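Have a look at the structure below, then the notes.
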Amino acid sequence: MALNLRQKQTECIIRMLNLNQPVNPSGTANEEVYKILIYDRFCQNILSPLIHVKDLRKHGVTLYFLIEKDRKPVHDVPAVYFVQPNNPNIQRVVADASRSLYDSFHLNFSSSIPRPLLEDLASGTLNSDSIHRISKVHDQYLEFVTLEDNLFSLSQKSTYVQLNDPSAGDKEIEDIIERVVNGLFCVLATLAVVPIIRCPRGGPAEMVASALDQKLRDHLLSKNNLFSEGGGFVSSFQRPILCIFDRNFELSAGIQHDFRYRPLVHDILGLKLNRLSVPGEKGGMKSFELDSSDPFWMANGSLEFPEVAVEIETQLNKYKKDVDEVNKRTDGTAGAEFDGTDLIGNTKHLMNAVNSLPELTERKQVIDKHTNIATVLLGEIKERSLDAYVKKENDMMVRGGIDRNELMSVLKGKGTKIDKLRFAIMYIISSETINPSEAEAVEAALRESEVDTSAFQYVKKIKSLNVSLASANSASRSNIVDWAEKLYGQSISAVTAGMKNLLSGDRQLALTRTVEALMEGKPNPEIDSYLVFDPRAPKSSSGTSSSHLKGPFKEAIVFMIGGGNYVEYGSLQDLAQHQQPAKQVIYGTTEILTGMEFVEQLSLLGQKMGLGSFAAAAASATH
């Protein structure tokens with residue numbers, strides 16, 4: 001029973017567009033009923049990776065608007081609203097109903113609407129005598145963005161800053177935890193599964209796990225609960241495991257440079273909601289979509305960049321060969337005597353050629369798109385020496401340090417300010433002990449390049465407070481194949497001239513190693529202290545580990561509080577595919593961040609703690 005989150009969420013949305021009626025066998029909503037779709041910005045982001053504008057027409061949606069836009073009345077047409085349950089949206093719905101903008105209103109909230117808001121909706125529509133226009137109100141439990149079959153984000157901004165802010169009060173922390181729990185509950189409700197929950201002790205991970213356990217328990221008590229179809233007496237082998245972690249569990253994965261295609265595209269070109277823009281050849285910007293409809297992206301996203309360049313070349317040559325083949329088939333053989341049998345043969349070739357044209361055109365578009373993207377990436381890699389950053393950061397994590405001259409040469413060499421800052425933070429994380437004079441030299445080099453050092457000082461501070469930063473500790477070193485032997489000396493292709501293929505996959509992330517151990521369910525000192533919650537079990541046994549909760553598990557949902565990235569996503573997908581038999585791992589996070597975006601959050605925390613060059617400058621200015 002594979003968990004297909006993307007498919008399940010798409011089905012829920014199509015049913016919603018079909019006015020919450022069962023969908024046709026063809027999987028489309030009733031086309032005969034024309035309707036208008038109204039959404040807010042958050043729900044637009046939910047829809048965007050799943051349903052294209054051209055698909056909306058297929059489901060009978062003729063017009064679609066943002067809720068905050070001023071709209072003209074459209075009579076005799078039902079309106080489907082898909083919005084978050086918050087006060088401004090409720091007020092807007094009441095205003096629309098009182099102005100009789102549409103014939104009937106089908107209200108769909110992205111998560112469960114709180115009772116006070118429901119009462120506001122009822123009293124507002126009653127007072128304006130428009131309550132008869134509200135046909136249905138549905139809680140859809142769809143408050144998350146699915147980007148790929150096994151990847152989702154709750155789109156909750158700056159959670160890391162909010163949870164680690166020294167000035168945050170208990171109430172604020174509780175609100176954030178509640179928002180995360182509600183988002184995770186929506187994911188589980190959409191999948192219709194009640195997982196076994198595991199997490200490390202303490203911190204946000206435990207707070208989310210125990211609050212989610214309680215929310216699931218409360219919900220399971222109600223008769224018509226969302227999980228009844230997946231209920232019954234299912235063995236633990238058929239239930240997935242939900243592993244919850246907090247970003248501080250492995251800070252380095254959010255900061256390091258990576259040389260694989262998917263993380264590179266995200267980190268450098270800013271892939272957002274599966275879309276990105278790159279400069280075109282003739283000036284201007286070109287927009288591309290990278291999702292499951294792109295076979296090249298799905299097949300090669302986890303390869304290192306030089307391998308991707310080779311693959312693009314291979315595909316291009318294959319395409320040229322196939323085009324030549326079609327041309328050959330359709331050319332008449334000159335001077336040959338005409339013969340009736342040949343006519344049939346030629347017609348067949350022509351038919352085949354005509355049929356293969358759309359497929360060839362599509363292939364060419366995909367090749368052109370990735371050539372375009374790879375060219376822009378290559379320019380950035382060469383300009384910023386990104387291959388050197390990746391190699392040296394990996395070396396640091398493996399060796400637990402770096403030679404001082406090497407360290408300083410990187411900080412004084414190529415790269416953007418943020419590249420240097422990320423490298424300096426990786427140095428702090430990977431060093432087993434921090435040499436004060438070396439750290440000062442690093443800071444001076446950063447200041448020389450006019451880099452704000454508050455993020456660097458923040459990480460140095462939490463490291464000195466001995467907050468456990470899972471770094472190059474002994475456990476992750478023992479399973480590293482000798483790195484030097486693995487490094488390819490030769491260049492692979494003309495495109496990536498002289499670039500080394502950096503097999504960063506040799507150093508397994510602490511997150512991946514831990515998830516593997518949790519899925520195996522064998523005794524393991526790394527995870528023996530992890531808490532276990534089973535929302536279906538009697539309360540007394542929760543938090544302790546009884547044998548049936550240990551696994552092994554075929555499916556896992558891994559959730560990172562405080563920001564995730566494509567490095568971890570790729571690492572977990574590799575783990576799932578290399579298992580015998582193959583397993584499934586869904587990766588989710590509060591928001592997907594590039595290295596730069598995460599470092600900006602660290603800088604903000606540094607400034608809140610009065611650290612960094614800007615803080616120092618501000619202090620000296622006040623004296």
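The values are calculated or read from the model by the stated rules, or taken from the named source; none is laboratory data. The structure displayed is predicted, hence computed values, not measured ones. No Cβ is skipped: glycine too gets one built from the backbone with ideal geometry, and neighbour counts run over all protein chains shown. Just the protein is used for accessible areas: all its heavy atoms, side chains included, with ligands, DNA and RNA removed. Shrake-Rupley method; radii C 1.70, N 1.55, O 1.52, S 1.80 Å.
Checking each residue in the stretch 274-288 for being over 23 Å from the mean Cα position of the chain (by Cα) and assigned to a strand (DSSP E or B) picks out Pro279, Met285.
Sub-7 Å Cβ pairs linking a first residue in the stretch 511-538 that is within 27 Å of Gln573 (Cβ to Cβ) and at pLDDT 85 or above to a second residue that is among the hydroxyl-bearing types (Ser, Thr, Tyr) and open to solvent by 60 Å² or more (accessible area, probe 1.4 Å), at least 6 apart or interchain, are Val532/Thr544; Val532/Ser545, ordered by first then second residue.
His138 - would you say it is more than 28 Å from the chain's Cα centre (by Cα), modelled with pLDDT of 90 or more and either surrounded by fewer than 21 Cβ atoms within 10 Å (Cβ to Cβ) or not in a loop (DSSP other than H, G, I, E, B) (or both)?
Numbers: more than 28 Å from the chain's Cα centre (by Cα): no; modelled with pLDDT of 90 or more: yes; either surrounded by fewer than 21 Cβ atoms within 10 Å (Cβ to Cβ) or not in a loop (DSSP other than H, G, I, E, B) (or both): yes.
Spelling it out, it is not the case that His138 is more than 28 Å from the chain's Cα centre (by Cα), modelled with pLDDT of 90 or more and either surrounded by fewer than 21 Cβ atoms within 10 Å (Cβ to Cβ) or not in a loop (DSSP other than H, G, I, E, B) (or both).
When each of Thr341, Thr333 is tested for being of a type in the set (Ser, Thr, Tyr), open to solvent by 50 Å² or more (accessible area, probe 1.4 Å), modelled with pLDDT under 60 and assigned to a loop (DSSP other than H, G, I, E, B), the lone residue that passes is Thr333. Being within 19 Å of the chain's Cα centre (by Cα) and open to solvent by less than 60 Å² (accessible area, probe 1.4 Å) is the requirement here; does Phe109 meet it? No: the conditions fail for Phe109.
When Ser100 is tested against (1) touching an Asp or Glu at 6+ places or on another chain (Cβ under 8 Å); (2) assigned to a loop (DSSP other than H, G, I, E, B); (3) over 28 Å from Leu5 (Cα atoms), just one condition goes unmet, and that condition is (1). Of all the listed residues (Arg6, Arg41), the sole one being in contact (Cβ under 8 Å) with a residue 24 or more places away in the chain and within 17 Å of Val187 (Cα to Cα) is Arg6.
Whenever a residue of the stretch 359-383 is of a type in the set (S, T, N, Q) and surrounded by 15 or more Cβ atoms within 10 Å (Cβ to Cβ), it has no partner that is part of a helix (DSSP H, G or I) and modelled with pLDDT under 90 lying with C-beta atoms less than 9 angstrom away and at least six residues away or across chains. Determine if the stretch 66-78 includes at least one residue that is farther than 13 Å from Leu37 by Cα, open to solvent by less than 20 Å² (accessible area, probe 1.4 Å) and assigned by the TED database to the domain that holds Leu37. So far as the stretch 66-78 goes, no, none of its residues is farther than 13 Å from Leu37 by Cα, open to solvent by less than 20 Å² (accessible area, probe 1.4 Å) and assigned by the TED database to the domain that holds Leu37.
Just to be sure, is Val451 of a type in the set (Val, Ile, Thr) and modelled with pLDDT of 80 or more?
yes
Here Gln162 meets each of (1) in a helix (DSSP H, G or I); (2) outside the structural domain of Tyr569 (by the TED database); (3) not hydrophobic (A, V, I, L, M, F, W, C) with one exception, condition (2).
Glu313 falls short on exactly one of the conditions (1) part of a helix (DSSP H, G or I); (2) closer than 24 Å to Glu597 by Cα; (3) more than 17 Å from the chain's Cα centre (by Cα), and that condition is (2).
A residue that is free of Cβ contacts under 8 Å to residues at least 12 places away in the same chain and outside the structural domain of Tyr587 (by the TED database) occurs somewhere in the stretch 10-22.
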